[in-house]
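Participant: Below you'll find the structure I mean.
The values are calculated or read from the model by the stated rules, or taken from the named source; none is laboratory data. Owing to the predicted nature of the structure, the values given are computational and were not obtained by experimental measurement. Backbone-built Cβ (ideal geometry, glycine too); neighbour counts: all protein chains shown. Note: accessible area is taken over every heavy atom of the protein model, side chains too, but ligands, DNA and RNA are not part of it. Shrake-Rupley method; radii C 1.70, N 1.55, O 1.52, S 1.80 Å.
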Amino acid sequence: VLAIESGGRAFGSGGRMIIRFEIHVFYNLWGKTNQQLFDRYFRVDPATPWRGESHQWRLDEQSEWKAVHSGQQGEWEAFGFARVKCSDSGAKLAISMGAPQIMGFNHARIGYGDVDAMYDAFENSERAQILGFFDFVRTDPRLLDAARSEDLLTFATYYNGITIAETYAKLMRDSLAEIRAI
């Protein structure tokens, strides 16, 4: 899972934690109650909000829309803008963090009192990210059973969602075969 989620990396080349800023999650957690401000700076296709290609942002109403998912620099720019212009905690709740790509809204599930504590721990420690992954899996019997039985499709369904489960299951199967070959 760690090899697939972030290419096996906890931190990018600049030393910052690997993130993915999920605009549709940001909308659900913050944008719905701040619709005008959200619409001014962010957009996502409501028909397929989980599809990253529709996640866009801009600095102001005169700027062109930019893709959020254009690499780590794009992720960090959009995330940083959302933190400052809109909501620091809302933006943190809407990112997946580090090697395991655990969403900020799962902070309590993996033992953090708030999203800031999770963010700080993951931003500063690969160990915290790995332990967070194990806590995430052990708190869901479906994930734990799927991991133990190597039912990668079920695991991917509950870890990543049904829309991309087949893709992730194949990637995990391929990675597992590589590991076993070593």
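Participant: Are any of the residues in region 154-175 open to solvent by 90 Å² or more (accessible area, probe 1.4 Å) and in contact (Cβ under 8 Å) with a residue 24 or more places away in the chain? Give the steps one after another, and end with the answer.
Facilitator: Filtering region 154-175 for residues open to solvent by 90 Å² or more (accessible area, probe 1.4 Å) gives 158, 162, 166, 170, 173.
Now narrow it down to the ones that are in contact (Cβ under 8 Å) with a residue 24 or more places away in the chain: none.
So far as region 154-175 goes, no, none of its residues is open to solvent by 90 Å² or more (accessible area, probe 1.4 Å) and in contact (Cβ under 8 Å) with a residue 24 or more places away in the chain.
Participant: Going by the conditions given, is Glu166 at pLDDT below 95 and either in a helix (DSSP H, G or I) or of a type outside the set (D, E, K, R) (or both)? Spell out how you get there, then give the answer.
Facilitator: Numbers: at pLDDT below 95: no; either in a helix (DSSP H, G or I) or of a type outside the set (D, E, K, R) (or both): yes.
No; evaluated as a whole, the condition is false for this residue.
Participant: Quick one: is Glu178 closer than 29 Å to Asp45 by Cα and open to solvent by 60 Å² or more (accessible area, probe 1.4 Å)?
Facilitator: Numbers: closer than 29 Å to Asp45 by Cα: no; open to solvent by 60 Å² or more (accessible area, probe 1.4 Å): yes.
No; evaluated as a whole, the condition is false for this residue.
Participant: Let me ask another. Return only the number of the condition from (1) over 30 Å from Asp174 (Cα atoms); (2) over 13 Å from the mean Cα position of the chain (by Cα); (3) at pLDDT 95 or above that Ala91 does not satisfy.
Facilitator: Among (1) over 30 Å from Asp174 (Cα atoms); (2) over 13 Å from the mean Cα position of the chain (by Cα); (3) at pLDDT 95 or above, Ala91 violates only (2).
Participant: Report yes if His24 is open to solvent by less than 60 Å² (accessible area, probe 1.4 Å) and in a helix (DSSP H, G or I), otherwise no. Working first, answer last.
Facilitator: Numbers: open to solvent by less than 60 Å² (accessible area, probe 1.4 Å): yes; in a helix (DSSP H, G or I): yes.
Yes; evaluated as a whole, the condition is true for this residue.
Participant: Okay, moving on. Go over the candidates Phe79, Phe105, Phe122, Phe133 one by one and state the one that is assigned to a helix (DSSP H, G or I), touching a residue at least 60 places away in the same chain (Cβ under 8 Å) and open to solvent by 30 Å² or more (accessible area, probe 1.4 Å).
Facilitator: On the way: Phe79 fails: open to solvent by 30 Å² or more (accessible area, probe 1.4 Å); Phe122 fails: open to solvent by 30 Å² or more (accessible area, probe 1.4 Å); Phe133 fails: open to solvent by 30 Å² or more (accessible area, probe 1.4 Å).
Residue meeting the stated conditions: Phe105.
Participant: Restricting attention to region 56-76, which residues are open to solvent by less than 60 Å² (accessible area, probe 1.4 Å), of a type in the set (Phe, Trp, Tyr) and not in a helix (DSSP H, G or I)?
Facilitator: Listed by number, the list holds a single entry, Trp57.
Participant: Name the residue, out of Val115, Val68, Val84, that is in contact with a His (Cβ under 7 Å, 6 or more places away or on another chain) and under 22 Å from Gly14 (Cβ atoms).
Facilitator: On the way: Val115 fails: under 22 Å from Gly14 (Cβ atoms); Val84 fails: in contact with a His (Cβ under 7 Å, 6 or more places away or on another chain).
Within the list Val115, Val68, Val84, the selection yields Val68.
Participant: Another question, then. Would you mind telling me which numbered condition in (1) out of contact with any Lys or Arg (no Cβ under 8 Å at 6 or more places or on another chain); (2) over 15 Å from Glu5 (Cα atoms); (3) open to solvent by 20 Å² or more (accessible area, probe 1.4 Å); (4) touching a residue at least 24 places away in the same chain (Cβ under 8 Å) Ala94 fails?
Facilitator: The one condition Ala94 does not meet is (3).
Participant: Scan (1) farther than 18 Å from Gly161 by Cα; (2) touching a strand residue (DSSP E or B) at 6+ places or on another chain (Cβ under 8 Å); (3) not in a loop (DSSP other than H, G, I, E, B) for the single condition Glu53 breaks and write down its number.
Facilitator: (1)
Participant: Testing Pro141 on (1) surrounded by fewer than 20 Cβ atoms within 10 Å (Cβ to Cβ); (2) farther than 30 Å from Glu166 by Cβ, one condition comes back false. Which one is that?
Facilitator: Against the list (1) surrounded by fewer than 20 Cβ atoms within 10 Å (Cβ to Cβ); (2) farther than 30 Å from Glu166 by Cβ, Pro141 comes up short only on (2).
Participant: Residues that are open to solvent by less than 50 Å² (accessible area, probe 1.4 Å) and farther than 19 Å from Ala82 by Cβ: does region 40-50 have at least one? Let's see the steps before the verdict.
Facilitator: So in region 40-50, the residues open to solvent by less than 50 Å² (accessible area, probe 1.4 Å) come out as 41-42, 44, 48-49.
Subsequent filtering for residues that are farther than 19 Å from Ala82 by Cβ retains 48.
Checking region 40-50: at least one residue is open to solvent by less than 50 Å² (accessible area, probe 1.4 Å) and farther than 19 Å from Ala82 by Cβ.
Participant: Suppose the filter is closer than 13 Å to Phe26 by Cα and among the small types (Gly, Ala, Ser); does Gly71 pass it? Walk me through it before giving the result.
Facilitator: Numbers: closer than 13 Å to Phe26 by Cα: no; among the small types (Gly, Ala, Ser): yes.
Against the criterion (closer than 13 Å to Phe26 by Cα and among the small types (Gly, Ala, Ser)), Gly71 does not qualify.
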